[in-house]
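Following: one structure in structure tokens, then a few remarks.
The values are calculated or read from the model by the stated rules, or taken from the named source; none is laboratory data. A quick note: this is a predicted structure, and the numbers were derived from the prediction, not measured. Ideal geometry is used to build each Cβ from the backbone, glycine not excepted, and the neighbour counts take in all protein chains shown.
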Amino acid sequence: MSPVENVGYRDQVQSVANAPTFDPACPMSAFPLRIGEKWTAMIVLCLEAGPRRFTELRQILVAVSAKVLTETLRAMERDGLVSRHCHDENPPRVEYRLTELGQSLLQLIEAARLWSRDNLGDLLAARERYDGASL
């Protein structure tokens, strides 16, 4: 590589390095984006009234596979949204319950539900226009 080409490459690298980025120390970098995942809000709503066993959650959330439910519950437990309690019984019985942090999501979920109810018609119309235009 010639010295001229090398300088151009360095300028490109420097320009990328100087681009605005999110600071890794920003609290938002640890934000549990899981609250936007498909099953998290539904699990929070299922646990709103109190603890439930894994099998109860599976019966309520019939469309979720056991694997996805397990992964979501583990991620929620890691984020402090649910607690998992194993009862010393045979067969083993495991219950999940919302933590205080998990309960604080109920307000956010309700706001999203209200927004959805108020805007569903406009949202569906926009999708229809978009899908019709892309044909």
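Answer yes if at least one residue in the range 114-127 is of a type in the set (Ser, Thr, Tyr), touching a helix residue (DSSP H, G or I) at 6+ places or on another chain (Cβ under 9 Å), closer than 15 Å to ILE43 by Cα and free of Cβ contacts under 8 Å to residues at least 24 places away in the same chain, and no otherwise.
Checking the range 114-127: not a single residue is of a type in the set (Ser, Thr, Tyr), touching a helix residue (DSSP H, G or I) at 6+ places or on another chain (Cβ under 9 Å), closer than 15 Å to ILE43 by Cα and free of Cβ contacts under 8 Å to residues at least 24 places away in the same chain.
Please find, within the range 100-135, the residue that is modelled with the highest pLDDT out of those that are part of a loop (DSSP other than H, G, I, E, B) and exposed (fewer than 11 other Cβ atoms within 10 Å of the Cβ). If you could, list the steps in order and put the result at the bottom.
So in the range 100-135, the residues part of a loop (DSSP other than H, G, I, E, B) come out as 104, 134-135.
Those left that are additionally exposed (fewer than 11 other Cβ atoms within 10 Å of the Cβ): 134-135.
Numbers: SER134: 72, LEU135: 68.
Looking at the filtered set, the residue picked out is SER134.
Starting from residues that are touching a helix residue (DSSP H, G or I) at 6+ places or on another chain (Cβ under 6 Å) and not aliphatic (A, V, I, L, M), keep the ones in the range 38-47 and report whichever is farthest from LEU106 (Cα to Cα). Talk me through it step by step, then tell me what you get.
Of the range 38-47, the ones touching a helix residue (DSSP H, G or I) at 6+ places or on another chain (Cβ under 6 Å) are 39-41, 44, 46.
Keeping just the survivors that are not aliphatic (A, V, I, L, M) gives 39-40, 46.
Working: TRP39: 14, THR40: 11, CYS46: 11 Å.
Ranking the candidates gives TRP39 first.
Which of the residues that make up the range 75-104 are of a type outside the set (S, T, N, Q) and out of contact with any strand residue (DSSP E or B) (no Cβ under 8 Å at 6 or more places or on another chain)?
The answer is ALA75, ARG78, ASP79, GLY80, ASP88, GLU89, PRO91, GLU100, LEU101.
What residue, among those in the range 56-87 that are among the hydroxyl-bearing types (Ser, Thr, Tyr) and within 15 Å of LEU105 (Cβ to Cβ), is surrounded by the fewest Cβ atoms within 10 Å (Cβ to Cβ)?
The qualifying residue surrounded by the fewest Cβ atoms within 10 Å (Cβ to Cβ) is SER83.
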